[in-house]
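Notes follow once the structure below has been shown.
The values are calculated or read from the model by the stated rules, or taken from the named source; none is laboratory data. In this text the structure is predicted, and so the values were computed from the model without any measurement. For neighbour counting, all protein chains shown are included, and Cβ atoms are generated from backbone atoms with ideal geometry for every residue, glycine included.
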């Protein structure tokens, strides 16, 4: 984004936390090396976590997270300095963290600077765990609506997300613009798969699934701890479908029906390993097939993408609306033009896999059908690589940033 705006004659100023100092284990330094040489990046301190901020992070104090509480004085000072020095024409704030939504919205209104909200996830429609109470939910809903209404535009990352927000806030539907995640260009594959080698499947990133949270959403109030009595779940969302549970179930059944495939298949997961992961692997007797390699940087991830024969994608199941998510890793997968194994529900994730011509969609609730599909993709992966280049080209970074550029041009009446 920085390079794009610089090339278009803008002078973008970025204000962010000094991640190398405060989050060294979660910082990929190789990405910083790709910044334009003239990029103005202001890296600020942030207060360390303590007992109070950990309490804020529970959500019970009407904040979604403690970032705003810990960062406010540093962010406000940096904004003041940037406004005085550069006189910005607009502020674009990327969310989450959702706690800074109101902070930046109020700052922009106070200074008379238009604000563009960049919603990577929805605030009040994301229900991977219960809200502390209906009162908390209504407070966040009102805050979300006010910020969207006051924004110049609110960017969302999928067509489904725009559709859902337009139904939740029908009077604000003209505020929403879709600017999807993207990939820079197609990757050149330097390795070819040997016919006698194992078929390797890769997964990168997180799952956003927590068994305890899922259990809380389905418990009656009297079955919970006293401080949880008033918890509120506004939508029926099952994030177990986002986990590899149904994929593991299918693999287990595949190996039961066709034992020889156990020696032909390997699955690798990269990212921060959740506590429940090993138990789920053991539940389906897959310890000899499934490996978790932990967090990897961007360069290592690219190397691993080259090595794997296919990629796994999953999605949550929503009752009220179709799935609105397209996992960010999807775009990396598409750039390699290898088959995607999509254990997904109806919605945008399914749509992008089918439209891309790369991979196969599996019904998580139909293990019999899924076994046959998985067997077929292991035997003949090339059958499922028929890239729809015209569609894929629309997902390139330049195309998506052109959409963002169009939003900015309307702000300046260009």
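Which residues, taken from segment 264-297, are in contact with a helix residue (DSSP H, G or I) (Cβ under 7 Å, 6 or more places away or on another chain) and exposed (fewer than 14 other Cβ atoms within 10 Å of the Cβ)?
287, 297
Just to verify a result, which residue in segment 196-246, among those that are free of Cβ contacts under 8 Å to residues at least 60 places away in the same chain and assigned to a loop (DSSP other than H, G, I, E, B), is nearest to residue 135 (Cα to Cα)?
229
Using beta carbons and a limit of 8 Å, which pairs, at least six apart or on different chains, have the first residue in segment 332-360 and assigned by TED's automatic domain parsing to the domain that holds residue 163 and the second one in a helix (DSSP H, G or I)?
none
For segment 106-127, what are the residues that are farther than 30 Å from residue 315 by Cα and either surrounded by fewer than 21 Cβ atoms within 10 Å (Cβ to Cβ) or touching a residue at least 60 places away in the same chain (Cβ under 8 Å) (or both)?
106, 107, 109, 110, 111, 112, 113, 114
Taking strands (runs of 3 or more DSSP E) that do not extend beyond segment 286-361, which have at least 3 residues that are more than 16 Å from the chain's Cα centre (by Cα) and modelled with pLDDT of 95 or more?
Filter on segment 286-361 gives 290-294, 340-343.
May I ask you to list the residues in segment 150-170 that are more than 24 Å from residue 113 (Cβ to Cβ) and out of contact with any strand residue (DSSP E or B) (no Cβ under 8 Å at 6 or more places or on another chain)?
The initial filter retains those residues of segment 150-170 that are more than 24 Å from residue 113 (Cβ to Cβ), namely 158-164, 166-168, 170.
Those that are more than 24 Å from residue 113 (Cβ to Cβ) and out of contact with any strand residue (DSSP E or B) (no Cβ under 8 Å at 6 or more places or on another chain): 163, 164, 167, 168, 170.
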